[in-house]
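To start, the structure itself, in structure tokens.
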Amino acid sequence: MLCAVYEVFERMAYYGISSNLVLYLTKKLHQGTVKSANNVTNWVGTIWITPILGAYVADAHLGRYWTFVFASLIYVTGMSLLTLSVSIPGLKPPPCHQANIDDCKKASTLQLATFFGALYTLAIGTGGTKPNISTIGADQFDDFHPKEKASKLSFFNWWMFSIFFGTLFANTVLVYIQDNVGWTLGYGLPTLGLVISVMIFLAGTPFYRHRVPAGSPFTKMAMVIVAAARKWRVPLPSDPKELHELDLEEYARNGKFMIGSTPTLRFLNKAAVKTGSTDPWMLSAVTQVEETKQMLRMIPILIATFVPSTMIAQINTLFIKQGTTLDRHIGNFKIPPASLAGFVTISMLVCVVLYDRFFVPVIRKWTNNPRGITLLQRMGIGLVLHFVIMAVASLTERYRLNVAKQHGLVENGGQLPLTIFILLPQFVLMGTADAFLEVAKLEFFYDQAPESMKSLGTSYSSTSLGIGNFLSSFLLSTVSDITQRDGHEGWILNNLNKSHLDYYYAFFAVLNFLNFIFFMAMIRFYVYKAEVSESMHVLTEELKVMRLKASNQEAAKGIA
């Protein structure tokens with residue numbers, strides 16, 4: 001699929017930057033541990049937050065296709081500017097080989113403005129491409145064609161496979177080029193790949209199934225909430241059929257689906273109570289009410305994904321900084337610290353294939369669920385794995401610090417005689433967790449969103465990662481500040497051999513445990529959306545009956 005080709009190159013570009021960004025900020029722009037890590041997570045957070053704006057533009061104005069096209073051009077512009085900022089000598093401070101980076105010359109305002117301006121231009125482009133490219137891909141499957149619907153069940157597994165294929169290349173080849181050849185080529189290659197992928201996507205335009213904009217989902221949801229609030233004293237009728245609803249023909253004509261009234265979030269049903277006013281801010285159709293309910297029902301699940309998203313943020317920040325303190329040699333070859341992120345990708349790719357080809361067919365026989373287990377159950381397994389990851393990371397870091405003490409390397413921050421591969425378990429487990437949580441999260445928010453709000457639903461997944469990164473920045477700054485009070489050295493310092501990342505990771509393990517309890521409480525009240533194919537089947541049958549009656553009436557008039 002041409003959409004997947006773009007995603008491979010786009011992920012290659014994104015991870016080619018994010019995987020090694022903390023080292024560029026440290027080594028080239030001479031920033032400290034906390035500042036460089038927070039700059040990474042703030043940028044990554046923005047990258048994942050902006051898709052909610054892109055989803056709004058797509059659903060309300062331009063449609064998914066045109067939003068993607070315009071945003072991809074912005075993305076290419078940002079990548080091009082970023083490549084220039086790392087290539088032109090005047091746009092970066094002079095090299096510094098001091099052991100203490102505080103003694104190095106800091107980047108000027110112009111240099112910082114150019115570099116971060118390019119990064120955030122790229123973030124704007126991501127906002128328009130990220131929520132729409134996967135949705136465009138999923139839109140190519142017909143929910144009402146048995147074979148296509150069956151293929152769609154595996155779509156998100158293989159979509160994530162294509163994403164992590166591009167990620168693997170970035171975390172191995174690109175980071176090696178950046179560390180050993182130069183940043184110009186390291187950023188120039190993904191920029192070129194991105195341009196080619198956009199051209200390939202555009203070449204497939206005549207073959208795509210295009211969805212027309214269905215109006216702003218935010219406005220529709222606001223109308224329901226306002227209408228319900230304004231009629232909070234109005235009693236609900238005992239029969240849901242007395243609530244306001246549009247004709248079946250109206251939905252069929254617009255290619256939408258009618259949704260029956262449900263008892264959950266009953267207060268919002270008041271928006272559909274007839275009071276004589278037809279003002280859209282006073283009266284909403286039942287289907288519109290149910291669409292709003294569905295988006296609101298997913299919010300507690302969304303909140304439960306913030307903490308694991310914070311854990312993911314550690315891959316490109318503290319995990320990589322740990323790698324710089326360890327022995328990275330295999331013979332004469334020196335492993336770039338960011339390359340360890342490639343094991344996240346490899347682990348995830350292997351787990352997705354095993355899950356889709358072996359786990360699902362076996363479990364399906366017992367559960368009779370086409371997916372093997374429910375999406376929320378799959379997410380729950382991922383959450384448990386995140387607790388395990390941070391427990392393992394804490395124990396590994398404690399061992400690393402003990403080795404530093406034994407060899408007298410605490411004060412000078414020297415490299416430890418310890419292989420970088422001691423960090424491997426936490427990277428591999430992170431990939432395994434992604435195969436459960438991240439794939440299920442993307443599919444869940446797409447699948448459970450109403451048909452007219454698919455882009456917004458998909459953006460929930462990226463919003464989770466965005467907030468997780470901002471939460472990471474907040475926690476890192478807060479913990480660093482609190483632990484340095486009253487003359488204490490603190491948990492997170494520029495010299496990691498004097499730091500206590502083991503305490504920090506243990507804190508994350510506790511946070512994951514509490515978050516899992518919250519998730520389990522929330523899923524007890526979650527009600528899955530009815531299958532669209534079932535709704536469409538009912539709608540089609542009802543329309544057939546109505547049309548048959550109409551034709552019989554016309555025939556009777558003709559005879560008369």
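Picking from residues in the range 446-486 that are under 17 Å from Pro131 (Cα atoms) and of a type in the set (Asp, Glu), the one that is modelled with the highest pLDDT is Asp447. Screening Gly215 against (1) over 30 Å from Leu84 (Cβ atoms); (2) modelled with pLDDT of 90 or more leaves a single unmet condition, (2). Among the residues of the range 519-531, those that are part of a helix (DSSP H, G or I) and open to solvent by less than 70 Å² (accessible area, probe 1.4 Å) comprise Phe519, Ala521, Met522, Ile523. Among the criteria (1) open to solvent by less than 60 Å² (accessible area, probe 1.4 Å); (2) touching a helix residue (DSSP H, G or I) at 6+ places or on another chain (Cβ under 8 Å), the one Phe267 does not fulfil is (1). Of all residue pairs spaced 6 or more apart or on separate chains, those with beta-carbon atoms under 7 Å, a first member in the range 272-301 that is aromatic (Phe, Trp, Tyr) and a second member that is open to solvent by less than 10 Å² (accessible area, probe 1.4 Å) are Trp281/Ala227.
Among the residues making up the range 283-302, those that are touching a Phe, Trp or Tyr at 6+ places or on another chain (Cβ under 8 Å) and either open to solvent by 10 Å² or more (accessible area, probe 1.4 Å) or outside any loop (DSSP other than H, G, I, E, B) (or both) are Thr287, Arg297, Pro300, Ile301, Leu302.
Against the conditions (1) among the small types (Gly, Ala, Ser); (2) touching a Leu at 6+ places or on another chain (Cβ under 8 Å); (3) closer than 16 Å to Thr432 by Cβ, Gly413 satisfies every one except (3).
Residue pairs whose Cβ atoms lie under 9 Å apart, sitting 6 or more positions apart in sequence or on different chains, and linking a residue in the range 73-87 that is not assigned by the TED database to the domain that holds Ile196 to a partner that is part of a helix (DSSP H, G or I), do not occur here. Put simply, of Leu437, Leu476, Leu429 the only residue that is open to solvent by 20 Å² or more (accessible area, probe 1.4 Å), touching a residue at least 40 places away in the same chain (Cβ under 8 Å) and closer than 30 Å to Arg328 by Cβ is Leu429. Determine if the range 36-56 includes at least one residue that is open to solvent by less than 10 Å² (accessible area, probe 1.4 Å), more than 18 Å from the chain's Cα centre (by Cα) and not acidic (Asp, Glu). The answer is yes; a qualifying residue exists. Within the range 500-514, the set of residues being outside any loop (DSSP other than H, G, I, E, B), within 15 Å of Thr483 (Cα to Cα) and of a type outside the set (Asp, Glu) comprises Leu501, Tyr503, Tyr504, Tyr505, Ala506, Phe507.
Looking at Leu376, Leu383, Leu349, which one is within 30 Å of Thr419 (Cβ to Cβ) and either assigned by the TED database to the domain that holds Val403 or of a type in the set (Ser, Thr, Tyr) (or both)?
Answer to the selection: Leu349.
Among the residues of the range 350-408, those identified as open to solvent by less than 70 Å² (accessible area, probe 1.4 Å) and among the polar types (S, T, N, Q) are Thr367, Asn369, Thr374, Ser394, Thr396, Asn402.
The values are calculated or read from the model by the stated rules, or taken from the named source; none is laboratory data. Values in this document were obtained by computation on a predicted structure and should not be read as measured data. Please note: Cβ atoms are built from the backbone with ideal geometry, for glycine as well, and neighbour counts cover all protein chains shown. With ligands, DNA and RNA removed, areas are computed over all heavy atoms of the protein, side chains included. Shrake-Rupley method; radii C 1.70, N 1.55, O 1.52, S 1.80 Å.
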